[in-house]
Amino acid sequence: KQFFFLFSMSEEAECLICCMEYSPDELPHQGCGHRYCADCWGGYLNSKLETKDSARLLISCPDTDCSHFIRKDFVLQYATGTALENFQELVTAHEIPVKRSLLRTFLDSPYNKQERSSSCTDADYFHYECLCEVDTGWGCSYRCVQILLSVFFRNAPLDDPEIASVYEIQKKLAKLGNPSFKSEHVNTPTWIGPYEIQEFVENYFTQMKANVSDVITVDDESRVGLISQIHAHFQRENPLPLICANGKKTYAITGITSGDERILVMDPHYQENVSSADFSSFFEGNYEQRSSEEDKRKHEMLENAIRWETAENFFTSEPFWSVLFCI
């Protein structure tokens, strides 16, 4: 259940925790309509941040039926004492940077064995947990949008381009008024697919044209037709990444070979704090692998974050795919 309040500035309302009356501007909320006074916000956040568990970066509204997340700036404003210190340490530990120009680094390295291929010239790598946004399990499509925009801004230079955060993408989607993504979805773990992304890019980046192909990829003829479309796409001058979704996961495709039909996948489904320098060392064959569980996860990310994969294996892993082509 959700409560939405309409106030005039002279009216008072109750905090939903302590039931004390306050003016509307003394009852801040996160966009979901659940209003609490500053003391109750502080008490709630302090109780959630008694430990430095990384899950505490993702705190939801006090209403148990509400899925809205509490934004970082909000926590910093109302948490106090040890709880605030714990949160600030968590934020610092999870400031995972974007991997700038990772595609170019990969393509120019000896790790890339595919010489006969067509691809985007370069792309930044965005993935789960980037820039302290906790989106593991649902944010892959947003990360693919960020990868797409990193290439678009290179091809069409703008003054001080800034790639939107996951939260900002959600706000922009809600403004479009499409019932598939409403205002109440902002700041929640709401998955989006190629059709929502198509609407996003066509409304906010009018230089782009977008089209979605829905393909039953277990059908040989349909799959071969899709691969032909991908070949044609990457023969264009300055091609943009494709965004592919199967209803469970979303990936960016940044190239294709001209021989054995391998596609170059940028996979956002990793969350380790691996640096650009680590990727460079790995691609050059100089990365030293260790035996801890964390290092094993990092090595898996280094191997698979950007990879060549046969188009047939990729597209037959699920029976149905939607592929967004942007030009």
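The values are calculated or read from the model by the stated rules, or taken from the named source; none is laboratory data. Not measured: the values here are computed from a predicted model. Quick reminder, even Gly has a Cβ in these numbers, built from the backbone with ideal geometry, and neighbours come from all protein chains shown. The protein model used for the area step is the full one, side chains on, heavy atoms only, and it has no ligands, DNA or RNA in it. Shrake-Rupley method; radii C 1.70, N 1.55, O 1.52, S 1.80 Å.
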Hz values of 3J(HN,Hα) by residue in segment 68-78 - Karplus curve (6.51, -1.76, 1.60), Gly and Pro given as x: 5, 7, 8, 5, 4, 5, 5, 4, 4, 7, 10
Computed over the chain: relative contact order in percent, which uses C-alpha pairs under 8 Å that are six or more apart: 17 percent
Length-normalised contact order of segment 231-322 in % [C-alpha pairs under 8 Å, at least 6 apart]: 30 percent
C-alpha long axis of helix 194-204 to longest principal axis of the chain, angle in °: 80 degrees
Surface per residue (accessible, 1.4 Å probe) for segment 274-327, Å²: 50 Å²
In degrees, nearest ten, helix 293-304 long axis to first principal axis of the chain (Cα): 50 degrees
Extension gain, K113 back to E26 (0.36 nm per residue minus Cα-Cα distance, nm): 25.3 nm
Area accessible to solvent at S292, 1.4 Å probe radius, in Å²: 50 Å²
Candidate values (i) 31, 59, 10, 0; (ii) 29, 57, 14, 0; (iii) 28, 52, 18, 1, label of the one derived for P(r) over Cα pairs in 20 Å bins from 0, in percent: (iii)
Förster radius 25 Å - calculated FRET efficiency between N273 and R104, Cβ distance, rounded to 0.05: 0.70
Cα centroid separation - segment 155-219 against segment 240-254, whole Å: 13 Å
Distance (nanometres) between label positions extended 7 Å along Cα→Cβ at K52 and T121: 4.4 nm
Percent carbon-and-sulfur accessible area, the chain, ignoring ligands, DNA and RNA, probe 1.4 Å: 46 percent
Dipole in debye (nearest 20) - segment 212-298, about Cα centre, beta carbon charges: Lys, Arg +1; Asp, Glu -1: 160 debye
Degrees, to the nearest 10: 220-234 long Cα axis against longest axis of the chain: 90 degrees
Long pairs among K72/K172; K99/K175; K72/K298; K48/K72; K48/K298; K172/K298, criterion Cα-Cα beyond 22 Å: K99/K175; K72/K298; K48/K298; K172/K298
For the chain, size of Cβ-based charge dipole, Lys and Arg +1, Asp and Glu -1, in debye: 560 debye
Pairwise label distance in nanometres, T206 with D219, each label 7 Å out on the Cα-Cβ vector: 3.7 nm
Sites N313 and S180 - FRET efficiency at Förster radius 35 Å, r taken between beta-carbons, to 0.05: 0.70
Probe 1.4 Å, accessible area per residue of segment 66-210, Å²: 45 Å²
Set of aspartates and glutamates near K296 by C-alpha distance (under 15 Å), chain-local residues within fewer than 8 positions excluded: E272, D278, E288
Gap separating the Cα centres of segment 117-133 and segment 258-323, nearest whole Å: 12 Å
